[in-house]
Structures are given as structure tokens and as C-alpha cells.
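The values are calculated or read from the model by the stated rules, or taken from the named source; none is laboratory data. For clarity, every value in this text was computed on a predicted model and none was experimentally measured. Glycine gets a Cβ as well: all are built from the backbone with ideal geometry, and neighbour counts include every protein chain shown.
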Amino acid sequence: MLSDLIRAWHDFYVLVGTASATLVGLMFVTATIGSQVFTDRNRAGMRAFLSPTVVHFSAVLFICILAAIPSHSWRPLAALLAASGLAGIAYSARVWVQLFVNRRFDVDVIDRVFYALFPVLGYLLILVCVFLLFKESAAGLDLLAAALITLLLAGIRNAWDMTIWIVIRTPVVEDGRRRTEEG
């Protein structure tokens with residue numbers, strides 16, 4: 001029975017969901033601290049990097065909440081996860097276009113991998129999980145865990161990358177004049 005399987009995963013979903021909720025909150029703190037960096041020149045970059053990180057952390061939180069509901073049966077859970085996975089793929093496609101097609105700003109290869117490719121991998125794992133859940137296979141929950149970990153790790157890496165980017169560009173006050181580390 002699915003409820004017995006989900007009960008065994010309860011602590012995992014609570015831990016990962018709590019981590020993602022905390023990280024969403026910290027992203028808002030980072031954005032507030034770095035608000036001086038949000039200039040017209042940096043707007044496209046911030047939109048391309050800040051929002052996806054928050055979206056992926058929020059997706060992890062939402063999926064943990066869904067998966068922790070003990071009264072689910074196989075098909076409704078699979079349908080809800082399918083909607084989440086498809087929404088994540090659609091959103092990631094938008095980020096993909098910003099980073100690989102439009103190229104309005106320079107992005108390192110490693111950033112392209114973690115901001116665009118890893119999240120797509122996470123959402124694809126969710127869709128494979130959905131297929132297994134429709135077949136009532138317990139392996140679907142293992143894949144769901146792998147998907148959540150993939151999204152969480154990509155988000156942690158991206159949050160750190162963004163925090164460093166903001167710190168480097170935050171104006172420093174010296175002798176009453178504002179300047180950034182870049183000049």
C-alpha cells in the first residue's frame with residue numbers, strides 16, 4: 001500500500017522540505033542584502049539566476065508537501081507529480097532559452113550546467129517517477145528522492161554562486177564614496 005511506503009519516507013520529506021523552505025527564505029534575505037546590485041545593467045542576469053533558484057527550491061518544498069500526505073493513492077500522487085514535473089520542465093525551458101539561445105549576458109559553462117541542465121534532469125527524474133507510480137512501483141519513490149536531491153543540490157550551488165556574485169558587486173563605502181569591487 002502506498003501510504004505505508006510514504007510513511008517510511010516521512011522523515012526524508014520533512015528534512016528536504018524544511019531545507020528547501022529555509023533556503024527559499026535565505027534567498028529573500030540574499031536578495032534584500034544585494035538590492036543595491038539590482039540595477040538596470042544587472043536586471044537580466046538577476047532575473048535569469050535569482051528567480052530560477054527560488055522556483056526550484058519552491059518546487060522541492062511543494063513536492064515534499066505533496067509526497068508527505070499519507071492518504072494518497074498511486075494515481076492521484078502520480079498526476080500531481082506529473083503536473084509539477086511538466087511545470088518545472090516548462091520553466092526550465094525558459095531559463096534554457098535565456099542562457100543558451102538569447103545569450104544577453106556571458107555565462108560560464110559550469111553555470112549553464114547548474115542553472116539549466118541539472119534542473120531539467122531533476123524534473124525529468126520526476127516524470128520517470130510518475131511513470132513508475134502509475135505502474136504502482138515503489139521504485140518511483142526512490143526516483144522521486146533522487147529528483148528532489150538533484151534539484152536541492154543544484155539550488156544550493158546556485159544560491160552560493162549568486163551570493164558570491166552579489167557580494168562582489170555590492171557597493172563598498174570608502175571615504176564617503178560608493179564603489180563596487182569591479183570599479
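Taking (1) modelled with pLDDT of 95 or more; (2) aliphatic (A, V, I, L, M); (3) surrounded by fewer than 16 Cβ atoms within 10 Å (Cβ to Cβ) in turn, LEU132 satisfies each apart from (3). Here ALA19 does not qualify as in a helix (DSSP H, G or I), exposed (fewer than 13 other Cβ atoms within 10 Å of the Cβ) and either of a type outside the set (Val, Ile, Thr) or at pLDDT below 85 (or both).
On inspection, LEU141 does not qualify as out of contact with any Phe, Trp or Tyr (no Cβ under 7 Å at 6 or more places or on another chain) and at negative phi. Report yes if VAL24 is at pLDDT below 90 and out of contact with any strand residue (DSSP E or B) (no Cβ under 7 Å at 6 or more places or on another chain), otherwise no. The answer is no for VAL24. Comparison of ILE110, ILE89 shows that the only residue that is assigned to a helix (DSSP H, G or I), β-branched (Val, Ile, Thr) and under 19 Å from LEU61 (Cβ atoms) is ILE89. Here is the figure for region 113-158: residues that are more than 12 Å from the chain's Cα centre (by Cα) and either assigned to a helix (DSSP H, G or I) or among the polar types (S, T, N, Q) (or both) total 21.
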